[in-house]
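Structure record follows, encoded as structure tokens.
The values are calculated or read from the model by the stated rules, or taken from the named source; none is laboratory data. Everything numeric here is computed off the predicted structure, so don't read it as measured data. So basically every Cβ, Gly included, is an ideal-geometry build from the backbone, and we count neighbours across all protein chains shown.
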Amino acid sequence: MSRSAPLRDSLKFLRLALRKPREIGAVLPSSRALGRAMAEAATRAQGRPVLELGPGTGAVTAAILKAGVVPRSLVAVERTEELLPELGRRFPGVQFIGGDAFKVGGLLQQAVPAWRGQFGAVISSLPLLNFPASLRDQLLEQLAEWMHPDATIVQFSYSLRRSQSFRGLEEVSSKVVWLNVPPARVSEFTLGRRPGSHPRRNGDTPPKH
């Protein structure tokens, strides 16, 4: 990636955020630090495919691939059609699906029907808290059909209070990523309690300067 690419991505992202604030849910792309925190779950996918929701300009996508996920094992659903051509050029081999992530079940059925129940991690940059609980519940019900029983869901929010809760999910870790604009809380969930769940971790301490 050229040195000008991050600035170009930021300007493109800002233009989209001004036009579609509810859909985008941010004013700048995710930082590298936030991308790394989000992609950490992909290292526990145990070679299973990974699903990304809302890749935007690709900051988290790049981190997922850097974490070791092979491009052919990554499926990403992006609603903003104008972002898809550049994503495809930047990340050859990744399967980008244009469409509404809240209809992810149908999109995956068309694109990768054999992967039902196989995804080892779901990494979501969707602004879920901007949407009604009923829509969030519908999304999670669809994802449960496509996730492996040992899979995790990672979600970030700009609300730093540790108060996120989603029906049917159990939080196994939560931390604040301070090196992002604005700082964001990254939470990891499973489909329910099981033996060997990852212990809770507290990452809320700001970095030392």
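What the table below lists for this structure:
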read-out: Condition check for Arg185: surrounded by 14 or more Cβ atoms within 10 Å (Cβ to Cβ) and among the basic types (Lys, Arg); value: yes
read-out: Residues of segment 74-98 that turn out to be under 27 Å from Asp150 (Cβ atoms) and within 17 Å of the chain's Cα centre (by Cα), as a count; value: 10
read-out: Selection within segment 61-84 - at pLDDT 95 or above and out of contact with any Phe, Trp or Tyr (no Cβ under 9 Å at 6 or more places or on another chain); value: Ala63, Ile64, Lys66, Ala67, Gly68, Val69, Val70, Arg72, Ser73
read-out: Residues of segment 81-115 that turn out to be buried (at least 18 other Cβ atoms within 10 Å of the Cβ), touching a residue at least 40 places away in the same chain (Cβ under 8 Å) and outside any helix (DSSP H, G or I), as a count; value: 1
read-out: Search result, residues across segment 121-169 that are polar (S, T, N, Q) and either closer than 21 Å to Leu179 by Cβ or in contact (Cβ under 8 Å) with a residue 24 or more places away in the chain (or both); value: Ser124, Ser125, Asn130, Gln138, Gln142, Thr152, Gln155, Ser157, Ser159, Gln164
read-out: Filter result for Val75 (in contact (Cβ under 8 Å) with a residue 12 or more places away in the chain, within 24 Å of Ser174 (Cα to Cα), out of contact with any Ser or Thr (no Cβ under 7 Å at 6 or more places or on another chain) and not in a helix (DSSP H, G or I)); value: no
read-out: Selection count where residues are more than 19 Å from His148 (Cβ to Cβ) and touching a strand residue (DSSP E or B) at 6+ places or on another chain (Cβ under 7 Å), scope segment 102-119; value: 0
read-out: Exclusive hit being closer than 22 Å to Pro182 by Cβ and at pLDDT 90 or above, set Gly54, Gly105, Gly25; value: Gly54
read-out: Scan of segment 42-73 for residues that are over 15 Å from the mean Cα position of the chain (by Cα) and at positive phi, ordered by number; value: Gln46, Gly47, Gly68
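Matching residues to (1) modelled with pLDDT of 95 or more; (2) part of a strand (DSSP E or B); (3) over 18 Å from Ala45 (Cβ atoms):
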| site | (1), (2), (3) |
| --- | --- |
| Leu126 | no, no, yes |
| Leu129 | no, no, yes |
| Ser134 | no, no, yes |
| His148 | yes, yes, no |
| Ile153 | yes, yes, no |
| Leu160 | no, no, yes |
| Ser163 | no, no, yes |
| Glu171 | no, yes, yes |
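This table checks each residue for (1) surrounded by fewer than 16 Cβ atoms within 10 Å (Cβ to Cβ); (2) small (Gly, Ala, Ser).
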position: Leu74; (1), (2): no, no
position: Val77; (1), (2): no, no
position: Gly117; (1), (2): yes, yes
position: Tyr158; (1), (2): yes, no
